[in-house]
Amino acid sequence: MKVKKLLIVGTSLLMLLAQTKVNAYTEYPLKEENNSFTKSIEANLSEEDEVVELLNHNIVINSNTYAIATIEKTKNEDETKQVSEQKKETLKSRDQNYIKKYFGEKYDYEDEEGYRGNIPISHININTISHGKYQELREKKIEFNKYSQNDLNNIKKEITEENDTYYLINVDWQIEDTEVIDNQEVPKTYKGTMIYQTVVEINNPNEYEITVTYTGDVSKESTEYTYKAVYNKVVNKPIEEPQIIEENNTVPVIVISGMGIGLAALIFLLLSGNAVIYNKTDSGYKVLKSFRLSKEQKNIIDISKYNYKINSNIYSLKLKKSIYEKLKGKIVYVKIENISKPVTINNRYIEFII
């Protein structure tokens, strides 16, 4: 029985952990700026709805109420860091140009965190690998002629050439010319070859252990945005229905009878607005647009095409009682060009700034 209880508790805990959402965004504290307050949150684009909902409410500081004015979104700058990488090889040459060509003057860097870039050579280290020496017997043969007996006796026993000393090993000579003395033929001159030898030590060809270091900055594209909300102080004043400047619009009258009256009434109800948006002028509020809001869908009021009517950045929204009851506490968005202003429905008459 105890095992069964433990199993149930463990399963419940796993289910709870699976259902718990971990917020990956970074939230920064409130900052006071020019009699207003700002709050910033860094988050991925996928968390935008959650972040906007988190920011889009009034705040109270020292008994003063601050209403949401704007929420701005900016893409964060790419992140950078400095990295180093090395390549190592054993080569038969230490020539710098050869090394750079062999390894490449830049390193194509990429890591699992998403950082990438081409980083240049910052240092080349060369370590010589010696393969020892070997001995080699070298020989020089020098031809001679017209040598007298005295010359033959005085042939050099060693010679020096290119800092190497060669030693006389043998003289291969023969009579070149003769003469008659006292009726006897005797050698007059000699010719032949002087043979010298030496042993020299020669280095085996060196190899070089080359280590090339690349150092530089790499970057990764940021996937985060900063959402900055601005809250303006609310000045308590009685809520008044805005003064409306009526436009001189003539509505054509259509005379119908019978069943047509019922059909026309139904069409009128479907097409007529349940909310009006106004723009403030020097002499009061001027109607920009009448429209229908719905409880079942996301409400976006696009007033971009009414730019020519706009005189200020102060607007007012008036709702019929029926739609106000349905949307109370919810958010509608007023859009002008690329700005989308969230407006919380907390009264039938709402004044706001874009």
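The values are calculated or read from the model by the stated rules, or taken from the named source; none is laboratory data. Everything numeric in this text was worked out from a predicted model, so none of it was measured. In this analysis, Cβ positions are derived from the backbone assuming ideal geometry, glycine residues included, and neighbour counts consider all displayed protein chains. Ligands, DNA and RNA are stripped out before the accessible areas are found, and what is left, the full protein with its side chains, is counted by its heavy atoms. Shrake-Rupley method; radii C 1.70, N 1.55, O 1.52, S 1.80 Å.
I want the local charge near G192. Using Cβ-Cβ distances under 12 Å, sum +1 for each Lys or Arg and -1 for each Asp or Glu among the other residues.
Details: positive: K141, K146, K191; negative: E143, D151, D172, E176.
Local net charge: -1.
Run the accessible area of the stretch 277-351 with a 1.4 Å probe and give the carbon-and-sulfur part as a rounded percent.
On the way: 1890 of 4270 Å².
Answer for the stretch 277-351: carbon and sulfur cover 44 percent of the accessible area.
Going highest first, how would you order 312-318, 87-93 by mean Cβ packing within 10 Å? Please list the in-between numbers first.
Values: 312-318: 17.6, 87-93: 12.1.
Order by mean packing, descending: 312-318, 87-93.
If packing is taken as the mean number of other Cβ atoms within 10 Å per residue, what is the order of 294-304, 176-186, highest first? Walk me through the intermediate numbers first.
Working: 294-304: 12.4, 176-186: 9.4.
Top to bottom by mean Cβ count within 10 Å: 294-304, 176-186.
What's the carbon and sulfur percent of the stretch 59-129's accessible surface, probe 1.4 angstrom, rounded to a whole number? Provide the component values of the computation, followed by the final result.
Details: 2020 of 5250 Å².
The value for the stretch 59-129 is 38 percent carbon and sulfur by accessible area.
How much solvent-accessible surface does H131 expose, in Å² to the nearest 10, with a 1.4 Å probe and all protein chains in place?
90 Å²
Given a 1.4 angstrom probe, I'd like the percentage of the accessible area of the stretch 139-235 that is carbon and sulfur, rounded to a whole number.
Details: 2530 of 6340 Å².
Carbon-and-sulfur percentage of accessible area, whole number: 40.
Ranked from the most accessible area to the least, with a 1.4 Å probe and all protein chains present, what is the order of K228, K328, K39?
On the way: K228 65, K328 125, K39 40 Å².
The ordering from most to least exposed comes out as K328, K228, K39.
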